[in-house]
Amino acid sequence: MSAGTFPAVPEPQSRLLVTSADPAFRGQFLNGPEYCDDRIEEALSGAQALAKMGSFVFDTLILDRRLPDLDPREVAELARRRFPSMEVHIVDGPPERSFGDSPEKNPDRVGLPASFVNPSVVPLKIERGASEVVASADETVAIEDSADRLPGMVGVGRAIQQVYQLARLVAARDTTVLITGETGTGKELVARAIHEVSPRASKPFVVVNCAAIPEALLEAELFGHARGAFTGAVQSRLGRIHNAHGGTLFLDEIGDLPLSMQAKLLRFLQDGEVQRLGSADVFRVDVRVICATNVRLLENVKQKLFRQDLYYRVAVFPIELPPLRERTEDIEPLAEKFLAELCKQASIAPKRITASTLALLRQSQWPGNVRELQHAIERAFIMSGQGPQLHVEHFSRTADPAHFKEL
């Protein structure tokens, strides 16, 4: 493919995903007569593109080289791993442009999408083959085929592998991450893992459970307070945000954050400044924020329980954890890990789980997810006494294995 030309126009029934923070870039595809508008999807960032690829099947992915959150080559790599037949192109835009340029400011960006009129546009194609390669006229970059698991996490299935990939993509950046998933899926574990593989690993990882702190105390806990700010404030104290300076602040159950605190948190996320309760002093802090929730925040936004502007601040890079019932291939390695840890703590010889018991474990729905599995293994470990194996009856509340699925 020669410089200055763009890949052939997709067939009428093909679906195209255009990814760019620049509306003029996206507009060249949306406004072109060669493309059927109802077969085109837009994404404003790499994270949004990855999320849309989980909802739609695309034949072609167009990536602006200047994405606001991720390296487009990383997005391309993950897209091609998930969808090997997808055609992926990374396209350079005019070097003088900036995000948000309008067509009036940048007339060279407007025109038919089949070929860009600006000669500085250099399309790149992700070549297919055994060793995936990103190639252009002046560069060749090999892409490693690896999905390293996160520290402290266990899982071999495709769903959890995608979580590993997304977490490692965003770990090196200060992008705000929103981890969603049912109770017990391991949201805090993922947050800690992101911190541990990030440049902030040597700095504090501070956890705030927004649902566990009374509303009257939450502001002082987060932002700190000056002496005499309220009854019982006998001395000044720094808040959890300040304590996380240089490191990571993990806001668990952010969906339960009171509305009165949401505006204050939004201000902090916008300005990076902290003002202690009862004090006029303002401190600038360097904190990376990771949030987690087991509720659908967009539903809370519709019900006026969660601020829309705050939602878009915390959901810059969403990572959704699958429930355990959707990753049954991970049940066995998780169960064996929990059992090995229990044996080590008890200083006894390793035990094993029988094959028939593992089969039943894989059939359970596990509404409590990984946490429920961990507790079930611990109960069975205790019930097994001095025996070398865990059997079905050890997992039931009585000696009757029929109770197994009530766990």
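Here the residues C291, C343, ranked from fewest to most Cβ neighbours within 10 Å of their Cβ, fall in the order C343, C291.
Report, as a whole number in µm² per second, the diffusion coefficient that Stokes-Einstein gives for region 308-365 at 25 °C and 0.890 mPa s using the Kirkwood radius over alpha carbon pairs.
Value of D from the Cα-based Kirkwood radius: 172 µm²/s.
Multiplying each eigenvalue of the alpha-carbon gyration tensor of region 158-320 by 5 and taking the square root yields semi-axes of 27, 19, 13 Å, largest first, rounded to whole angstroms. Per-residue 3J(HN,Hα) values for region 350-363, derived from phi via the Karplus relation 6.51 cos²θ - 1.76 cosθ + 1.60 with θ = phi - 60°, read x, 9, 9, 9, 5, 4, 5, 5, 4, 4, 5, 4, 6, 7 Hz in sequence order (x marks Gly and Pro). In this structure, the amide hydrogen of A315, modeled 1.01 Å from its nitrogen in the peptide plane, lies closer than 5 angstrom to no residue at least 5 positions away or on a different chain. Between region 47-83 and region 244-286, what is the C-alpha centre distance in whole Å? Distance between centres, Cα-based: 32 Å.
Shown in residue order for region 323-339 are the 3J(HN,Hα) couplings computed by the Karplus curve 6.51 cos²θ - 1.76 cosθ + 1.60 at θ = phi - 60°: x, 4, 5, 9, 9, 4, 5, 8, 5, 5, x, 5, 4, 5, 5, 5, 5 Hz (x for Gly and Pro). The ratio of the alpha-carbon radius of gyration of region 324-406 to the globular-protein estimate 2.2 N^0.38 Å is 1.00.
Here, each number is a calculation from the coordinates, and none is a lab measurement. All values reported here derive from a predicted model rather than from experimental measurement. Positions of Cβ are generated from backbone atoms using ideal geometry, with glycine treated the same way; all protein chains shown enter the neighbour counts.
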